[in-house]
Amino acid sequence: MLKAEGVTVVYNGKKVLDDVNFEVEKGELSLLVGPNGSGKSTLFKVFAGLVKPDSGKVLYDGEDVTSKPAHFRFRKGIVLAPERMRVAEKLTVEENLKIAGKVSKDVISVFPDLRRLMRQKAGTLSGGERQMVVFARALTAKPTHLLLDEPFQGLSGEAADRMLMKIVEMKEDGVGIALISHERVEDLLVYADSVTLLLGGQLAYSVRVVEPMKVFGKLKKFMML
Ligand SMILES: Nc1ncnc2c1ncn2[C@@H]1O[C@H](COP(=O)(O)OP(=O)(O)OP(=O)(O)O)[C@@H](O)[C@H]1O
Ligand SMILES: [Mg+2]
């Protein structure tokens, strides 16, 4: 299990995350929602080892990894698919994937479009194509815990459906998945095991999802979905 305990991050004297608890259990999908600037991406960076918390802990299967570097966590299986379609622009699609590991047919089959894009420089890809590369790269790393930050951004409805089905398949295969999204929250709640709402860096609402529609109604009250 991947777990944040009492995580606080301060930027320029402002608490961007304030005593936040959040966990990602193997074989579960944990949704993380909240308005712009509420601290969601920062929490994922804390998990991945890209931001050091001012206080609090990150635990991986009970081991305190708070002071372990990003590459250590990546090797353990904590893999972040970052927001805003971040790819290595000067490398080809194939090279981008190879950074993460051996490229498998299974990963490519999620987005067959990737096949014809393999030799194209990632910097020349469209937004949606980049997003496919970000997702495929994360899968190539064979995560035990996958952190997906706004994975649907820029994708067509069909591509987003394919991604969602892959997410559900991975969850059933035992991968722990945490997902930040402003999009398709209603669809995601059908598959989510838990949902957490951050408001201004604080945990405003966190529940196990038993009745998706009820939870969706609650979230709607907190924020405009
Ligand atoms: N390196 C940094 N230095 C200073 N402030 C930062 C830094 N990174 C993030 N912040 C601030 O921390 C707050 C939380 O940012 P974060 O990216 O975690 O939000 P978010 O919930 O992911 O928002 P969005 O939905 O827009 O992606 C924001 O107010 C942001 O301006
Ligand atoms: Mg963000």
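The values are calculated or read from the model by the stated rules, or taken from the named source; none is laboratory data. Keep in mind the model is a prediction, meaning the values are calculated, not measured. Please note: Cβ atoms are built from the backbone with ideal geometry, for glycine as well, and neighbour counts cover all protein chains shown.
Just a few scattered comments:
- For the stretch 162-175, a residue qualifies if it is buried (at least 19 other Cβ atoms within 10 Å of the Cβ) and of a type in the set (Val, Ile, Thr), and the qualifying residues are Ile167, Val175.
- Among the residues of the stretch 142-183, those that are within 16 Å of ligand 2 (Cβ to nearest atom) and either out of contact with any strand residue (DSSP E or B) (no Cβ under 8 Å at 6 or more places or on another chain) or in a helix (DSSP H, G or I) (or both) comprise Phe152, Gln153, Gly154, Glu183.
- In this structure, Glu183 does satisfy being within 19 Å of Leu80 (Cβ to Cβ) and either in contact (Cβ under 8 Å) with a residue 24 or more places away in the chain or not basic (Lys, Arg) (or both).
- Where Leu32 falls short, out of the listed (1) within 16 Å of ligand 2 (Cβ to nearest atom); (2) modelled with pLDDT under 95: (2)
- Remark: Glu89 matches the filter, which requires a residue to be of a type outside the set (A, V, I, L, M), touching a helix residue (DSSP H, G or I) at 6+ places or on another chain (Cβ under 6 Å) and surrounded by fewer than 13 Cβ atoms within 10 Å (Cβ to Cβ).
- Test result for Val190, farther than 29 Å from Lys98 by Cα and touching a Pro at 6+ places or on another chain (Cβ under 6 Å): yes
- Filter result for Val79 (among the β-branched types (Val, Ile, Thr), more than 16 Å from ligand 1 (Cβ to nearest atom) and in a strand (DSSP E or B)): yes
- Among residues of the stretch 96-125, those that are without any contact (Cβ under 8 Å) to a residue 24 or more places away in the chain and not in a helix (DSSP H, G or I), counted: 2
- A single entry from Ala159, Ala178 fulfils the requirement of being surrounded by 15 or more Cβ atoms within 10 Å (Cβ to Cβ), of a type in the set (Gly, Ala, Ser) and farther than 22 Å from Lys45 by Cβ: Ala159.
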